[in-house]
Structure formats: structure tokens, C-alpha cells
Amino acid sequence: MIRLYSPFLYSTSNATSNATSSAITRSAIARSATRKSTRNATRSRSQQTSLKSFSNSTDAKKDPKKSIHIFHRHGDRAPSSSILNPSSADYSSQTALESNFWSNQTYIPKTLPKNTTLTLHSSPQTSLQTLLSTPLNSHTPPFGTLTTLGSSQLKSLGSTLSLLYPHPIKTYTSTSYLRTILSSFSFISGFNSNNSTPAHVEVNVPSNEDNVLNMYDNDPDTIRAFIKEINLTPSFRSLSSPSSLLPKILSAFSPHTKKGRVDYIHLLDHFVCRRSHDLCYTDVNESYRRGEFDEEVDEVKRILEMRFYTYYTDPQLLKFIIKPLVNDVINKPCGLHVYSCHDVTVLSILYLFEKKVWEWPDYAAYVVVEIEEEEVEVFYKGDRIWKGKVKEVEGML
């Protein structure tokens with residue numbers, strides 16, 4: 001079995017137990033959020049008391065005097081599909097084993113969080129039962145679904161960020177994926193866990209054509225046209241050229257290859273999902289259980305990061321992806337606004353404010369945009385990456 005790092009886990013279990021609300025700083029919150037912890041870690045009694053008193057303070061009942069926007073990626077999930085080779089002799093049995101494993105990891109809440117309602121595709125007061133029976137932008141369950149680990153990550157993230165932003169959630173928007181919607185419920189549960197009387201939160205899930213959080217679903221044809229054009233440029237070819245490791249990738253994962261081309265997104269999806277649960281990369285080939293494939297995994301990640309660097313440093317594509325979202329953010333009133341989205345959403349925000357090769361966002365990675373009058377500050381996992389004026393942001397578009 002290959003044991004690799006787990007994706008980004010958010011926990012306050014290692015925070016100093018006697019910390020008071022006045023001593024909490026952004027960097028302290030970020031350090032607490034980025035520490036790895038065991039899945040069953042719990043807060044100390046004194047820390048629970050500190051968190052509870054802080055969340056129930058007078059300031060926690062009021063909207064801030066600025067607009068605060070938290071964009072978080074969904075939590076840990078099952079891979080989008082089985083990556084096993086259909087031509088292998090044990091394909092059926094191995095696929096059944098993989099499906100059973102992810103079915104046992106799937107997170108399905110019994111109820112909505114306290115004082116939380118759901119508006120699904122313009123239908124208010126959508127019940128949990130209706131949500132779970134509605135076909136969404138998802139894959140065949142259990143593939144693509146949020147896991148119990150993913151739910152825990154978002155609960156921990158919500159609890160952590162409630163210390164930094166102890167205000168009622170004014171709006172909560174999610175993309176139309178079950179994993180992002182359930183991630184929002186988990187975030188809310190964590191955010192309100194130390195508040196005995198949480199304010200009402202409505203989770204709004206617009207339809208694809210009205211949802212600016214994921215332009216890949218909003219206007220897929222235009223996105224494909226942009227990417228097709230970029231793929232033909234010399235810069236794209238030079239940055240994402242195949243390496244000497246490609247033949248091994250091709251031979252090992254032929255279901256996600258076609259005429260010598262690799263679907264790197266599906267490959268990385270497979271690797272990340274399995275490594276977060278300490279699984280070997282594949283149960284088909286024994287040699288890949290002993291760490292012999294680690295170099296190839298890093299290579300797939302590198303190639304994908306470089307490809308998206310090429311995409312998101314293209315001014316026209318980035319503008320098309322991010323402009324509707326930025327306009328929505330700038331026009332929001334003062335208050336706390338939360339968005340449950342995807343890695344590509346987080347990446348687009350990062351590339352708008354800083355042009356560099358960003359590592360692929362972990363599960364539950366988050367960006368915060370704070371706007372106070374004409375001042376804008378942008379933070380990634382607690383670290384400030386940009387500061388400027390609203391007019392400067394508008395000028396980027």
C-alpha cells in the first residue's frame with residue numbers, strides 16, 4: 001500500500017486552548033487551519049468554551065461594515081469514475097470492489113443544518129429528499145460524491161473561519177453539484193457549531209446558465225473553443241510537452257488515454273482521491289503498490305498545473321471565466337457571503353490577482369476577498385496575496 005500525504009485538512013484541534021477572541025489573528029487562524037490532524041481529533045473543553053463565547057458575542061450578531069466573500073472548494077470526494085482498465089481480466093470484480101469502497105465513504109446527511117433552507121434551481125424550500133433525488137451535474141454514485149472525510153473538512157473549515165468572521169452569513173451560493181451543496185451544509189454546521197442561536201442561512205443553487213461560479217458549466221462551448229485555440233499555441237506545447245514518463249502512464253491507465261493522449265484531469269482526480277484514503281493507485285497492477293508510480297503521479301500533477309497556467313494566463317479566457325463572478329462580488333452589499341465551488345474556480349481567482357504557477361488547490365482550499373468601500377484585500381488560506389482598489393480590479397477585466 002502506498003501512503004502519501006492527505007489533502008488539506010482543516011482543524012482547530014491544535015490551537016492553543018486558552019486563546020481568547022481578542023488574541024486571534026489572521027495568521028494564527030491560517031496556521032490552525034493548515035495543520036494536519038487525525039480524523040477523530042476533538043477540541044479541548046477550554047477551547048470549546050472560548051469558541052462558544054466568541055461566536056455568541058455581540059459582534060457575531062451583526063453584519064460587518066464591509067463585504068466579505070469566502071470561496072471554498074468542496075471537500076474530499078470519490079473519483080469521478082473508475083479508472084480501471086476494461087480490458088483487464090478482473091475488471092468487473094475490481095470495479096465492484098472500488099464501487100463498494102466509495103459507497104461506504106459517501107456522506108449523506110439526515111437533515112439540513114439548523115436554520116438552513118435550500119433553494120434549488122429557483123425552487124425555494126427544497127427538501128433534502130428532493131435534493132438527493134434530483135439529477136445534478138454529478139457522476140453515477142458513488143463516484144463524484146462527497147465523502148464523510150470531505151464533510152469533516154468543511155465542518156472544521158467553517159468552525160475555523162467563524163473565529164475570523166463572526167458574522168451572520170448573508171448569502172450562500174453553490175454550484176449545481178451534490179458534493180458542493182453538501183459541502184455547504186457541512187460548512188454551515190461547523191460555522192454555527194458554537195452558536196446556540198444561529199441566523200437563518202439560505203443556500204442558493206442557481207441553474208448552470210445562471211451560475212457564475214463555474215463557467216465551464218455555464219457556457220461549455222465557449223470554454224472549449226478558447227481551450228482548443230490555446231492548445232495550438234507554441235507556449236502551450238512547450239509548457240505541457242509529454243515527458244519520458246508518458247509511456248508508463250499510457251500503459252497503466254489506458255481507459256483514460258486515447259490515441260496517445262492522456263486525460264490528465266481524470267488521472268489526477270483518481271490519484272488525489274485514492275491517496276487521501278491511503279489507497280494504492282490501482283488494484284490491478286501489483287507493482288504500483290510499492291511506490292514505483294510516485295514519480296508519475298507528480299508528473300501528471302505538474303503537467304496539469306502547467307496547462308492551467310497557460311489557460312489562466314490567457315487574458316481573454318481568464319476574463320471570460322472570472323468577469324461575471326467579479327461583477328457579482330463587487331455589487332454585493334456589506335455582509336458575509338460564502339460560495340461552495342471547485343478547484344477551477346479557486347484557481348481563476350488566484351490567477352486574476354497573481355500571475356504565477358499555482359499548485360492545484362486542495363480539498364476545502366479557500367480564498368477570501370474583503371471589500372471595504374474602495375479597498376480590496378485578497379487572501380489565500382490566510383495569507384494576503386493582493387491589496388488594491390476596486391478600480392484596479394475592474395481594470396484587470
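Quick notes
- With 26 Å as the limit on Cα-Cα distance, the pairs of Lys155/Lys387; Lys170/Lys389; Lys355/Lys387 that go past it are Lys155/Lys387.
- Heavy-atom surface of region 278-397, accessible at 1.4 Å and reported per residue (Å²): 41 Å²
- Spatially proximal aspartates and glutamates relative to Lys319 (Cα-Cα < 15 Å; intrachain offsets below 8 disregarded): Asp219, Asp328, Glu354, Glu392, Glu394
- Computed with every protein chain present, the accessible area of Lys391 is close to 150 Å² [probe 1.4 Å].
- Heavy-atom accessible area with a 1.4 Å probe sorts His72, His167, largest first, into His167, His72.
- Positive-end ranking of Phe308, Asn331, Phe320 along the dipole of region 297-349, with charges on Cβ about the Cα centre, is headed by Asn331.
- Those GluC sites (Glu not before Pro) in region 290-346 that DSSP places in a loop and that have at most 14 other beta carbons within 10 Å: Glu292
- Database remark: amide H of Arg77 closer than 5 angstrom to the amide H of Thr147 (H placed geometrically; neighbours at sequence offset of 5 or more, or on other chains; Pro and chain starts carry no H).
The values are calculated or read from the model by the stated rules, or taken from the named source; none is laboratory data. Keep in mind that what you see is a predicted model, and the values were worked out from it rather than measured. No Cβ is skipped: glycine too gets one built from the backbone with ideal geometry, and neighbour counts run over all protein chains shown. Note: areas computed on protein heavy atoms with side chains; ligands, DNA, RNA excluded. Shrake-Rupley method; radii C 1.70, N 1.55, O 1.52, S 1.80 Å.
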